[in-house]
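Take a look at the structure below.
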Amino acid sequence: MMMQPGTYFYHGHYGMQRSAGLYGSLIVDMADGEKEPFHYDAEFNLLLSDWWHKSVHEQEVGLSSNPFRWIGEPQSLLINGRGQYNCSLAAKFSNSSISQCKFEGNEKCAPQVLKVRPNKTYRLRIASTTALASLNLAIEGHKMVVVEADGNHVQPFAVNDLDIYSGESYSVLLKTDQNPYKNYWVSIGVRGRDPKTNQALTLLSYSATPASKLPTTQPPVTPRWDDYNHSKAFTKSIYALMGSPQPPKTYDRRIILLNTQNRLNGFVKWAINNVSLVLPSTPYLGSIKFGLNNAFDQKTPPDNYDSSYDIMKPAPNQNTTQGSGVYSIT
Ligand SMILES: [Cu+2]
């Protein structure tokens, strides 16, 4: 497997493992003697996620029941596994009657504060392992320069806020060039669906200022959840760094994947090219490594979806087939 330097994360993929919190950062450093194409003095690593108070068992039972029961929106957004529930560091700026979080900044459960020195450049590595939420991150009073996306160097571009979907990772550079006698909000909010979950908040705290000194200003407001022009503008700003290797111009095989929500015997199932996955009892990687040919379907799933299927007019509740085959591209 090719593993280029950059910001990644790992997560369990069996059942609800990821939702249950089985994930962590995976950072690949540059090889000795090699340098990143940008400079920074220090770095922070933010792994973002979402969190429900009901157990993953309860979620799983609901998802696989007929009728299908959905657990609803997450109770909190997490930054490096820490969140706030029923309280907010910025309670006084919220319209609801939410209470003030009393964190001083150094408690074990308090959000991780980004402690910075003035006039330095910091690299923030940001990845999202959410089960549901698409996120947007902003830092009060500071622009961010995006330099890495999913382990690839990009042409640097400046943003006020950053959209991040589940599975993505970015690095941004941040200059600590603001008034060092203040602290600044770092806010993370939900995008792409009407948010029912409070923003996750932490602080960018300059060394001369204690973390307990909360900003007197409102945290950055997350762009409206349905402001898709904002999402498109961000996506369209991302270009590979000049000089990056070109992708191949031709292909030997083309696989087109259509992901749909279907039914199977009245149960709600998701399918790719009309095949809903049934996990084999023997894990795939072990089966493949040891050449077991009866552990999962040996027939490859379809390389395309039915040409009569109109993605602009999806068939309502179309039934799916099921299977455990894999796309083998060796
Ligand atoms: Cu995954």
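Figures for the structure shown
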item	result
Over 26 Å between alpha carbons, listed pairs LYS115/LYS143; LYS249/LYS289; LYS102/LYS175; LYS175/LYS213	LYS249/LYS289; LYS102/LYS175
Assigned charges on the beta-carbon of Lys, Arg, Asp, Glu; the chain dipole about Cα centre (debye)	460 debye
Residue-level accessible surface for LYS92, protein heavy atoms, 1.4 Å, Å²	150 Å²
Solvent exposure of the chain as accessible area per residue, Å², 1.4 Å probe	59 Å²
For segment 15-30, 3J(HN,Hα) per residue [Karplus equation, 6.51 cos²θ - 1.76 cosθ + 1.60, θ = phi - 60°, Hz, x = Gly/Pro]	x, 9, 3, 5, 4, 6, x, 7, 7, x, 6, 9, 10, 9, 6, 5
Percent of beta bridges antiparallel (DSSP, segment 259-323, rounded to nearest 5)	65 percent
Electrostatic dipole magnitude of segment 259-323 [Cβ: Lys, Arg +1; Asp, Glu -1; Cα centre; debye, to 20]	160 debye
Hz values of 3J(HN,Hα) by residue in segment 123-134 - Karplus curve (6.51, -1.76, 1.60), Gly and Pro given as x	9, 9, 9, 10, 9, 10, 10, 4, 7, 9, 6, 8
With all protein chains modelled, accessible area of LEU279 [1.4 Å, Å²]	80 Å²
Portion, in percent, of the accessible area of the chain that falls on carbon or sulfur, probe 1.4 Å	54 percent
Per-residue [θ]222 nm for the chain (sum of -39500 (n - 2.57) over DSSP H runs n ≥ 4, rounded to 500)	-1500 deg cm²/dmol
Selection from TYR327, GLY12, LEU285, by position along the positive dipole direction of the chain (Cβ)	GLY12
Residues with amide H under 5 Å from that of THR300, placed H, sequence gap 5 or more	none
Segment 203-330: antiparallel DSSP beta bridges as a percent of all, rounded to 5	65 percent
Accessible-area value, CYS101, 1.4 Å probe, nucleic acids and ligands omitted, Å²	10 Å²
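The values are calculated or read from the model by the stated rules, or taken from the named source; none is laboratory data. Here the structure is a predicted model, which is why all the values come from computation and not from measurement. Ideal geometry is used to build each Cβ from the backbone, glycine not excepted, and the neighbour counts take in all protein chains shown. Each accessible area value is taken on the protein alone, full model and side chains, heavy atoms only, with ligands, DNA and RNA left out. Shrake-Rupley method; radii C 1.70, N 1.55, O 1.52, S 1.80 Å.
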